[in-house]
Amino acid sequence: IKKVTTHQLSAMKERGEKISMLTAYDYSMAKILDGAGIDVLLVGDSASNVMAGNETTLPITLDHMIYHASSVVKAVDRALVVVDIPFGSYQGSSSEALRSAIRIMKESGGHAVKVEGGEEIKESVERILSAGVPVMGHLGLTPQSIYKFGTYTVRAKEEEEANKLIADAKLLEKLGCFALVLEKIPSTLAERVAKELTIPVIGIGAGAGVDGQVLVVHDMLGITQDFKPRFLRRYADIGSMMTEAVHHYISDVKSKDFPNEKECY
Ligand code: KIV
Ligand code: NA
């Protein structure tokens, strides 16, 4: 594939090819991920935690998201770039939602947006879609409403919440969303949703029965060290490699080993 499009993602679901997705927030990292062949890059509002050190995703602003997204877009040749609309920029008012989505598309060059929630944000989703902006849904654990739930534990274990999730998933598909993220819900429920929907369902902590997987890149590379949920597989220990490299550098500076003759002008 030359460039990944929303249409190619549904074709991947149709032929049973799993979709790979990771977060990215900056140019250098995005260049590596895109070069490695990732299908989708999510400029997640997890940038609030990972990049800015906030405890939740709530403080990050639309301007911050556009800054991260434009950095990622410049690095990408192939991946589809999806950008989270941050908390407070789409809930409650569909015209504000549209304005936010348009700012993201115009000012960052991203290819699609992601929003959290179902029925509650129906009008916002409709309005954004009507402008021709592809929308990815996000249900299950939705970190922008953390203060409503109070914890980051598994969602939709009870039937009532599971039924609402299924109804919301079907609604988002009906409205025209091109894909859906399901975060931290039982695998049986996620698999059921993936089977009942024709749009691709991407999971994080949602088991193997979905159409693709997403992780926060700093978590899977081991750059963040203290976040260890069960669903996280660490593919590298870059944090330790960085610590070791910096120790080495400090000691070379102190011992005057660095710079050597060849490293001087
Ligand atoms: O912001 C984010 O990183 C996300 C993913 C975890 C899906 O929304
Ligand atoms: Na997010």
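For residues that are of a type outside the set (A, V, I, L, M) and exposed (fewer than 14 other Cβ atoms within 10 Å of the Cβ), scanning just the stretch 1-25, find the one that is farthest from ligand 1 (Cβ to nearest atom). Walk me through it before giving the result.
Quick first cut of the stretch 1-25, residues of a type outside the set (A, V, I, L, M) only: 2-3, 5-8, 10, 13-18, 20, 23, 25.
Next, from what is left, pick out any that are exposed (fewer than 14 other Cβ atoms within 10 Å of the Cβ): 2-3, 7, 14-16.
On the way: Lys2: 25, Lys3: 22, His7: 21, Glu14: 23, Arg15: 24, Gly16: 22 Å.
By that ranking, first place goes to Lys2.
Scan the stretch 207-224 for residues that are in contact with a Pro (Cβ under 8 Å, 6 or more places away or on another chain) and either in a strand (DSSP E or B) or within 16 Å of ligand 2 (Cβ to nearest atom) (or both) and report the count. Spell out how you get there, then give the answer.
First, the residues of the stretch 207-224 that are in contact with a Pro (Cβ under 8 Å, 6 or more places away or on another chain): 207, 211-212.
Narrowing the set further to residues that are either in a strand (DSSP E or B) or within 16 Å of ligand 2 (Cβ to nearest atom) (or both) leaves 212.
Qualifying residue count, the stretch 207-224: 1.
Only one residue in Tyr90, Tyr27 is within 28 Å of Arg233 (Cβ to Cβ) and aromatic (Phe, Trp, Tyr). Which one?
Numbers: Tyr90 fails: within 28 Å of Arg233 (Cβ to Cβ).
Matching residue, one of Tyr90, Tyr27: Tyr27.
Kindly provide the set of residues from the stretch 196-220 that are among the aliphatic types (A, V, I, L, M), within 14 Å of ligand 1 (Cβ to nearest atom) and either in contact with a helix residue (DSSP H, G or I) (Cβ under 6 Å, 6 or more places away or on another chain) or not assigned by TED's automatic domain parsing to the domain that holds Ser28 (or both), ordered by number.
First, pick out the residues of the stretch 196-220 that are among the aliphatic types (A, V, I, L, M): 197, 199, 201-202, 204, 206, 208, 210, 214-217, 220.
Filter once more, so that each one left must be within 14 Å of ligand 1 (Cβ to nearest atom): 201-202, 204, 206, 210, 214-217, 220.
Within the stretch 196-220, Val201, Ala206, Val210 meet the criteria.
Please go through (1) in contact with a strand residue (DSSP E or B) (Cβ under 9 Å, 6 or more places away or on another chain); (2) within 25 Å of Ala206 (Cβ to Cβ); (3) without any contact (Cβ under 8 Å) to a residue 60 or more places away in the chain; (4) within 16 Å of ligand 2 (Cβ to nearest atom) for Ser100 and return the number of the only condition it doesn't satisfy.
The failed condition is (2).
Considering only the stretch 8-52, state which residues are closer than 26 Å to Ala97 by Cα and among the small types (Gly, Ala, Ser).
Scanning the stretch 8-52 gives Ser10, Ala24, Gly44, Ser46, Ala47, Ser48, Ala52.
Among the listed residues Leu33, Leu58, identify the single one that is farther than 22 Å from Gly132 by Cα, assigned to a loop (DSSP other than H, G, I, E, B) and not polar (S, T, N, Q).
Numbers: Leu33 fails: assigned to a loop (DSSP other than H, G, I, E, B).
Exactly one of Leu33, Leu58 is farther than 22 Å from Gly132 by Cα, assigned to a loop (DSSP other than H, G, I, E, B) and not polar (S, T, N, Q), namely Leu58.
Looking at this structure, is Lys184 surrounded by 12 or more Cβ atoms within 10 Å (Cβ to Cβ), in the same structural domain as Asn54 (by TED's automatic domain parsing) and either free of Cβ contacts under 8 Å to residues at least 60 places away in the same chain or farther than 26 Å from Leu80 by Cβ (or both)?
Details: surrounded by 12 or more Cβ atoms within 10 Å (Cβ to Cβ): yes; in the same structural domain as Asn54 (by TED's automatic domain parsing): yes; either free of Cβ contacts under 8 Å to residues at least 60 places away in the same chain or farther than 26 Å from Leu80 by Cβ (or both): yes.
So Lys184 fits the description; yes.
Looking only at residues that are of a type in the set (Ser, Thr, Tyr) and over 18 Å from the mean Cα position of the chain (by Cα) in the stretch 93-140, which one is surrounded by the fewest Cβ atoms within 10 Å (Cβ to Cβ)? It would help to see each step written out before you state the result.
Just the residues of the stretch 93-140 that are of a type in the set (Ser, Thr, Tyr), to begin with: 93-95, 100, 108, 124, 130.
Filter once more, so that each one left must be over 18 Å from the mean Cα position of the chain (by Cα): 93-95, 124, 130.
Working: Ser93: 14, Ser94: 18, Ser95: 10, Ser124: 25, Ser130: 12.
Among residues in the stretch 93-140 that are of a type in the set (Ser, Thr, Tyr) and over 18 Å from the mean Cα position of the chain (by Cα), the one surrounded by the fewest Cβ atoms within 10 Å (Cβ to Cβ) is Ser95.
Checking the conditions here, which among Thr198, Thr151 is among the β-branched types (Val, Ile, Thr), surrounded by fewer than 13 Cβ atoms within 10 Å (Cβ to Cβ) and over 21 Å from Phe231 (Cβ atoms)? Please lay out each step first, then the result.
Details: Thr151 fails: over 21 Å from Phe231 (Cβ atoms).
Just a single option satisfies the conditions, and that option is Thr198.
The values are calculated or read from the model by the stated rules, or taken from the named source; none is laboratory data. These numbers were taken from a predicted model, which means no experiment stands behind them. Virtual Cβ from ideal backbone geometry, glycine too; neighbours counted across all protein chains shown.
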